[in-house]
Amino acid sequence: MFEIEEQLRTLLRLEFWGNIRLAGGVWVLLLVGRGFSLFQVGVAEAFFHVVSFCCEVPSGMLADVLGRRRTLIASQTMFACSAAAMMLSQSMAGVCLAMALNAMAYNLASGTREAIT
């Protein structure tokens, strides 16, 4: 019983620290500063949510099939690719690609946490 309680405390700490995203909204300011309109920023945000919605269930299954450690590594790799794509994007298509990568990375991490729980 003690082992389960310790695992729950560890999961709660992971959720707490993993969800503090101080720079979460900075991408909006950066895109506006780069010349994108608020409408385009809204389209990119909507694209993020559509991709996230479509990938939520498969990401949890992927954690079960590939293993949780590999899926978390894939998630962090995709977060890095998303950041690079966002930095290098000059068009709306590039921004949408970065948002799609970010959504898939978020879902891989989320699905893995749910599989662990």
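The values are calculated or read from the model by the stated rules, or taken from the named source; none is laboratory data. Fair warning: this is a prediction, and the values are worked out from it, not measured in the lab. No Cβ is skipped: glycine too gets one built from the backbone with ideal geometry, and neighbour counts run over all protein chains shown. All accessible areas refer to the heavy atoms of the entire protein, side chains included, with ligands and DNA or RNA removed. Shrake-Rupley method; radii C 1.70, N 1.55, O 1.52, S 1.80 Å.
Observations on the structure shown:
- In this calculation the C-beta distance from LEU29 to ALA84 is compared with R0 = 25 Å, giving a FRET efficiency of 0.85.
- Debye, to nearest 20: dipole size of the chain, +1 on Lys, Arg Cβ, -1 on Asp, Glu Cβ: 340
- Karplus 3J(HN,Hα) series, Hz, for region 97-109 with 6.51 cos²θ - 1.76 cosθ + 1.60 (x for Gly, Pro): 4, 4, 5, 5, 4, 5, 5, 5, 5, 4, 5, 4, 5
- Rounded percent of accessible protein surface that carbon and sulfur make up, region 1-113, 1.4 Å probe: 73
- Angle between the chain longest axis and helix 38-66 axis [Cα atoms, degrees, rounded to 10]: 30
- Among GLN76, SER89, ALA109 the positive-end extreme of the charge dipole of the chain (Cβ point charges): SER89
- Debye log10 I(q)/I(0) for region 1-116, one point scatterer per Cα, at q = 0.21 Å⁻¹: -1.16
- Highest mobility in the GNM of the chain, judged by mean-square fluctuation with C-alpha springs under 10 Å and restricted to VAL26, VAL51, VAL41, is found for VAL26.
- Where only DSSP H runs of four or more residues are counted, the chain gives -29500 deg cm²/dmol as its mean residue ellipticity at 222 nm, each run worth -39500 (n - 2.57).
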